[in-house]
Amino acid sequence: MKVLVSWLQDYIKEELPPPKELAEALSLRAFEVEDIKGSGKGAVIDVDVLPNRANDCLSHRGIAREISAFYGFTFKEREIEATKREKSKVSIKVKDPELCRRYIALPVSNVRVGPSPKWLKERLEAIGERSINNIVDITNYVMFDTGQPLHAFDRAKLKGDEIHVRLASPGEKITTLDNNKIELIGTELVIADKESILALAGVKGGKKAEVDKKTTDIILEAASFDPVCVRRTSRRINILTESSKRFENNPSPEYALHAAELAQTLISELLISSKNGSGPEASANEPVDFYPEPVRSRIISLPVSEIRRTLGIDIPIKDSLKILERLYCKAEVKGEVLKVEPPIDRHDLNIPEDIIEEIGRVYGYEHLKTTPLKPIEGEVDINKSFYYQIKIRLILRKLGFSEIFTYSIRDKGPVELANPLTQDKRFLRDEIGSDMEVALTFNERNIELVGYDRVCLFEIANVFTPSEEKTHFVIGVKNTKKKQKPGEEELIKQVLSVISVDLGIDIQEIGSFVSSTVWEGCLDDLVDKLPKPEKWDIEVPEAKEKKYRKISPYPFVLRDIAVFVPAEIKSDEVLEMIEGNAGSLLKTSRLFDVYEKIDESGEKRASYAFRLVFLSHERTLADHEVNKIMDKVSSAINSKKGWQVR
C-alpha cells in the first residue's frame with residue numbers, strides 16, 4: 001500500500017514527523033516498510049500491510065489512524081455535511097444476502113465528465129495510479145482514502161431503475177471495462193439490471209454502463225461483498241484489481257455509506273469549482289441502502305493481571321486505558337476486569353491476547369525488559385525423531401553436504417488439496433527423490449559460481465499418502481567431472497555407511513536408490529528401529545556470522561586460461577596477476593589443473609590452468625566484453641619474462 005505523506009496529513013491535526021521517522025515507527029509498531037521515495041510532504045511510503053490488518057489499513061485513513069495512535073496525535077475524521085435530498089426511484093434486489101451484506105446505490109444527477117483537477121491527478125499519480133476522468137478518479141481516490149471500493153454506473157445505460165445483486169447464470173457473458181469478454185459459470189456474484197450484467201461484484205465493471213463523456217447521471221455503488229466469492233471470481237478469470245484486493249480482505253460494511261457520501265460530496269465540490277455558469281448544478285438523491293443485518297460491536301473481557309503476566313512488565317492501568325483510547329477502543333475497568341469494545345472495523349481483535357498485544361505494541365516492545373527463564377526442573381523428555389534428525393543433519397554437513405528445502409505441493413500426487421492456491425499446484429507429494437534430481441541438475445548448472453567439483457545435497461521432509469504422513473530423507477550427489485572418482489553411487493554408499501556406523505544400524509535397509517545419483521529412505525522407519533536417547537548428547541556448532549550477497553539474475557560466462565611459468569613460481573602468484581587485470585566482472589576463479597614439464601632448453605616449467613567466471617548484476621555479458629578482458633589478462637601475463645599463456 002503506497003501512502004502519500006501529505007494525504008496522511010489531512011487526517012492528523014499535528015505536524016507529521018519526517019518520512020523516515022514515520023517509516024521507522026510503522027516498522028516497529030505495525031507494518032514493514034518496503035521503500036520511501038521523495039521527501040517531506042511529497043514523500044511516498046510503501047507499506048506492507050499484513051493480511052490480519054488489510055481490512056482496515058489498506059487506506060490512507062487506516063494508516064493515519066495507526067500513526068496517530070503511536071504518537072498520540074489528534075485524528076481528524078472527514079466530515080460530510082448532511083443535506084436534505086429527495087427519495088430515489090432506484091430499488092435494490094439482493095437475491096443472495098449471504099454474499100452481499102450491504103449494498104448502497106446513491107444516484108447523482110447533472111454531472112459533467114471531464115479531466116480531473118490537478119490536485120486529484122497528482123495524488124493518484126503519486127501512488128502509481130493513472131487518471132481516467134473526474135468521476136472515475138474520485139471513486140478511486142475515495143477507495144485509497146477510506147479503503148472502501150466504489151463504482152459508478154451511467155444511469156442512462158441501465159434498463160430500468162432496478163439493480164439486481166445475484167449469482168450469474170451459467171453461460172452468461174460480460175465485456176469488462178478493459179474489453180475482456182468473459183463467459184461465466186454460475187459461481188460469480190454480479191450486479192445487473194433487469195436485462196443483463198453491469199459488473200462483476202467487487203472485481204471489475206462492465207462496458208454496458210461505463211461512464212463516458214456523454215454521461216450526465218450516475219449511480220454510485222458502495223457495497224460489502226463476500227470475500228471468498230470475490231477471491232474465487234478474481235482468481236478464476238485472472239483479473240486482480242485494487243478493488244478485489246480490498247474486498248478479499250473483508251472491509252467493514254459500516255463505512256460504505258460514509259465512502260459513498262464522501263464521493264458524492266467531492267463530485268459536487270469539483271463540479272461547482274469547475275462550473276462555467278451554464279446548466280444545473282449536480283444534485284444527489286437519498287441513498288438506497290440494503291443492510292439487513294448491521295455489524296454488532298463486541299466486548300472482550302480480561303483480568304487486568306493478565307497484561308502484566310503476558311507482557312512481563314507492569315504497565316499502569318491508566319496508561320493501558322489511554323493506549324486503548326488512542327486505538328479507538330472503548331475501555332473501562334470493573335473491579336479487576338478490563339472490558340474492551342474494539343472499533344467495528346478491527347476484525348483482528350477477538351480474544352484477550354489480541355488486546356494485550358495492542359497495548360504492548362503501542363507502549364513499545366523496546367520497553368519490555370529481559371526476564372531470565374526459570375531453570376528447568378525434573379527430567380526433560382527428548383523427542384526421538386527430532387534427536388536423530390539433528391544427528392543425521394550434522395553427520396551429512398561434516399561430509400560436505402548442503403541441506404535443501406523443496407516444495408511439498410506438485411501438479412500431481414496421491415492427495416489432492418481441497419483449496420489449492422493455483423491449479424498447477426493441487427497435490428501433495430508422496431516422495432522427494434524427484435525433487436532432489438531437479439535440485440541436483442539446477443545446482444550443477446550453476447556450480448561454477450562457487451567453484452565446487454561436485455554437488456552434494458540432502459533433504460529431510462514430509463511426504464503424504466491417502467492414509468498417512470511420513471518423514472523421508474534423501475541424499476543426492478552429482479559430479480561435475482564425468483571421470484571423477486568415486487562415482488555418485490559409490491560415494492552415496494560410503495556416506496550411508498558412515499551414518500550406519502554412527503547410528504549402529506544398517507541405514508540402507510530402510511531405503512533404496514531412486515537413480516544412480518539419488519537415494520531415498522523413510523526416516524520414521526529408521527527412528528522406530530533406533531533406541532530412545534537417554535540424554536541430549538549432541539553438540540550443535542555455533543552459527544557463523546554470514547553476510548548476504550544478492551544473486552545476479554543474469555547468466556555467467558566461463559573462460560579457461562592456462563599459463564606456463566618457471567617452476568619456482570607458485571599458482572597464487574599467477575592468480576594474483578589474473579585477478580588484478582580481470583576487473584570487477586570476474587566473480588570467481590579457481591585452479592583446476594597443474595602439471596610440470598621440461599622445455600626444449602632443458603628448463604623445468606609449470607603449467608597452471610584456471611577456470612574464470614564472469615558475471616554482471618546489471619546486464620547479460622556479451623562475448624566481446626569478456627574477450628576484451630581476456631586479451632588484457634593475456635597481454636599482462638605474456639609481458640612477464642618467462643611467462644606464457646598456452
(request) Given the conditions (1) touching a helix residue (DSSP H, G or I) at 6+ places or on another chain (Cβ under 9 Å); (2) under 30 Å from Asn581 (Cβ atoms); (3) free of Cβ contacts under 8 Å to residues at least 12 places away in the same chain, report the number of the one that Leu558 does not fulfil. (result) (3)
(message) Yes or no: region 256-272 includes at least one residue that is hydroxyl-bearing (Ser, Thr, Tyr) and either surrounded by fewer than 17 Cβ atoms within 10 Å (Cβ to Cβ) or in contact with an Asp or Glu (Cβ under 7 Å, 6 or more places away or on another chain) (or both).
(response) no
(message) Taking the criterion of being outside the structural domain of Asn446 (by TED's automatic domain parsing), acidic (Asp, Glu) and more than 40 Å from the chain's Cα centre (by Cα), would at least one residue in region 611-627 satisfy it?
(response) no
(message) Please go through region 457-479 and give me each residue that is part of a strand (DSSP E or B), without any contact (Cβ under 8 Å) to a residue 60 or more places away in the chain and not polar (S, T, N, Q), ordered by number.
(response) Leu457, Glu459, Ala461, Val463, Phe464, Glu469, Lys470, His472, Val474, Gly476, Val477, Lys478
(message) Quick check on my filter: what residues within region 337-382 are without any contact (Cβ under 8 Å) to a residue 12 or more places away in the chain and assigned to a helix (DSSP H, G or I)?
(response) Glu357
(message) Tell me whether region 231-245 contains one or more residues that are surrounded by 23 or more Cβ atoms within 10 Å (Cβ to Cβ), of a type outside the set (D, E, K, R) and in contact with a Gly (Cβ under 7 Å, 6 or more places away or on another chain).
(response) yes
(message) One residue is enough: does region 397-419 have a residue meeting the conditions charged (D, E, K, R), free of Cβ contacts under 8 Å to residues at least 60 places away in the same chain and in a helix (DSSP H, G or I)?
(response) yes
(message) For Gly413, only one of the following conditions fails: (1) in the same structural domain as Phe464 (by TED's automatic domain parsing); (2) modelled with pLDDT of 90 or more; (3) surrounded by 15 or more Cβ atoms within 10 Å (Cβ to Cβ). What is its number?
(response) (2)
(message) Every residue in region 400-446 that is acidic (Asp, Glu) and in contact with a Pro (Cβ under 9 Å, 6 or more places away or on another chain), please.
(response) Asp430
(message) Every residue in region 276-308 that is free of Cβ contacts under 8 Å to residues at least 40 places away in the same chain and exposed (fewer than 10 other Cβ atoms within 10 Å of the Cβ), please.
(response) Asn276, Gly277, Ser278, Arg296
(request) Please indicate, with yes or no, whether at least one residue in region 62-74 is touching a helix residue (DSSP H, G or I) at 6+ places or on another chain (Cβ under 7 Å), surrounded by 14 or more Cβ atoms within 10 Å (Cβ to Cβ) and within 30 Å of Ala282 (Cβ to Cβ). (result) yes
(message) For region 44-145, give me every one of the strands (runs of 3 or more DSSP E) that falls completely inside it and has 3 or more residues that are under 25 Å from Ser27 (Cα atoms) and in contact (Cβ under 8 Å) with a residue 60 or more places away in the chain.
(response) none
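Quick grid of which residues meet (1) under 17 Å from Met630 (Cβ atoms); (2) under 50 Å from the mean Cα position of the chain (by Cα):
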{"residue": "Arg559", "(1), (2)": "yes, yes"}
{"residue": "Phe564", "(1), (2)": "yes, no"}
{"residue": "Ser571", "(1), (2)": "no, yes"}
{"residue": "Asn581", "(1), (2)": "yes, yes"}
{"residue": "Ser584", "(1), (2)": "yes, yes"}
{"residue": "Thr588", "(1), (2)": "yes, yes"}
{"residue": "Phe592", "(1), (2)": "yes, yes"}
{"residue": "Glu596", "(1), (2)": "no, no"}
{"residue": "Ser601", "(1), (2)": "no, no"}
(request) Could you please find all residues in region 66-96 being in contact with a strand residue (DSSP E or B) (Cβ under 6 Å, 6 or more places away or on another chain) and under 30 Å from Leu327 (Cβ atoms)? (result) Ser68, Phe73
(request) Go through (1) closer than 22 Å to His367 by Cβ; (2) modelled with pLDDT under 95 one by one and return the number of the condition Leu338 breaks. (result) (2)
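The values are calculated or read from the model by the stated rules, or taken from the named source; none is laboratory data. Computed from a prediction, not measured in an experiment: that's the story for all the values here. FYI the Cβ positions are ideal-geometry reconstructions off the backbone, even for glycines, and counts take in every protein chain you see.
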